[in-house]
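Reviewing the structure listed below.
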Amino acid sequence: MPKERLFITVKTYPTLSRKHGETVCTAGIREDGSWVRLYPVPFRRLDEEEQYRKFDWVELEMRKGTADHRPETHHPTDAKNILPMKHLGTEEAWKERRKVLNKVKVHHRLQPLLDGAKANTLSLALFKPAKIIDFISEPCERNWDEAKVSAMRDMASQGELFGDEQWRQTFRLMPKLPYNFSYRFEDADGKRSELQVLDWETGQLFHNCLRDARGDEALALAKVRQKYMDSFLKTDLHFFLGTMKEFHGFSPNPWVIIGVLPIPHPPAVEQLELL
């Protein structure tokens with residue numbers, strides 16, 4: 001099977017699966033600008049040198065998903081063989097990143113995305129909201145589903161999740177987020193929507209703020225909101241959108257925000273040159 005190059009744009013916050021244990025949904029762009037979803041990826045069980053970052057070019061073998069009928073879903077033949085090749089940094093207002101992202105169609109209206117999901121022709125997209133209305137945090141279950149945790153423990157004890165004894169002894173589940181985060185926004189048609197944010201960085205920011213606030217959740221939430229409603233609104237804000245597998249094809253709106261993309265505005269000189 002030939003190897004392909006993929007530009008990683010999305011890593012969602014870890015979730016639990018009875019079949020795969022703790023997994024991360026990863027999405028990226030091929031060199032021609034087409035989308036790929038990689039699932040499942042046991043990201044935190046990979047060795048440090050095997051772990052990829054957002055905005056890495058990676059090389060891997062993958063095959064089309066069979067259990068997941070969404071058109072962009074692929075399975076890595078071996079997650080340990082996802083090879084990071086090159087990281088694109090933030091220099092010159094994301095110049096190198098923007099060169100890659102410019103290959104991807106930017107959607108400004110939600111209706112074509114809803115139609116595409118229903119027709120099973122689309123389950124990943126880059127979207128630019130016309131107006132941000134609010135960033136919302138709502139309490140949710142504070143603990144992982146115990147049935148999924150038990151299933152993961154059973155697989156671990158049977159050696160199905162880990163390649164060696166060291167992992168079985170040291171691996172700890174990622175803490176579950178006690179809040180759901182969402183953006184409320186308008187698209188170019190004035191259509192209002194509220195979509196949940198599943199970006200890994202959102203969850204990690206909450207944990208970091210909670211640590212800095214010494215456990216004060218209200219203060220941590222305020223700091224997260226400041227980032228997503230104040231800092232990000234000063235950028236050319238885009239969303240990476242993806243559909244939820246269990247709702248894809250029939251739900252009125254199966255889309256969620258799987259990645260927040262706060263693209264910095266280019267310098268004024270560059271803007272004039274582009275004009």
*Efficiency by 1/(1 + (r/R0)^6): what FRET value for Thr235 and Leu173, r their Cβ-Cβ distance, R0 = 30 Å, to the nearest 0.05?*
0.35
_Rounded to the nearest 20 debye, what is the charge dipole size of segment 1-151 about its Cα centre when +1 sits on each Lys and Arg Cβ and -1 on each Asp and Glu Cβ?_
520 debye
*asked:* Based only on other Cβ atoms within 10 Å, what is the fewest-to-most ordering of His207, His238?
replied: His207, His238
*Counting only the backbone N, which residues of segment 118-143 are under 14 Å from the spot 7 Å out from the Cα of Lys105 toward its beta-carbon?*
118-128
*How much length is gained if the chain between Met1 and Arg192 is pulled fully straight, taking 0.36 nm per residue apart and subtracting their Cα-Cα distance, in nm to one decimal?*
64.4 nm
*Can you pull the one-decimal nm distance between simple spin-label points at Glu217 and Asn180, each 7 Å off the Cα toward Cβ?*
1.5 nm
_What does the extension gain come out to for His87 and His207, with contour length at 0.36 nm per residue minus their alpha carbon separation?_
40.7 nm
_Can you sort Ile29, Ile258 from fewest to most other Cβ atoms within 10 Å of each residue's own Cβ?_
Ile29, Ile258
*Please find the FRET efficiency linking Gln226 to Ala67, where r is the Cβ-Cβ separation and R0 is fixed at 35 Å, and quote it to the nearest 0.05.*
0.30
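Each value in this text was obtained by applying a stated rule to the coordinates, not by laboratory testing. None of the values given here were measured: they were computed from a predicted structure. With ideal geometry, Cβ positions are generated from the backbone for all residues, glycine too; neighbour counts draw on all protein chains shown.
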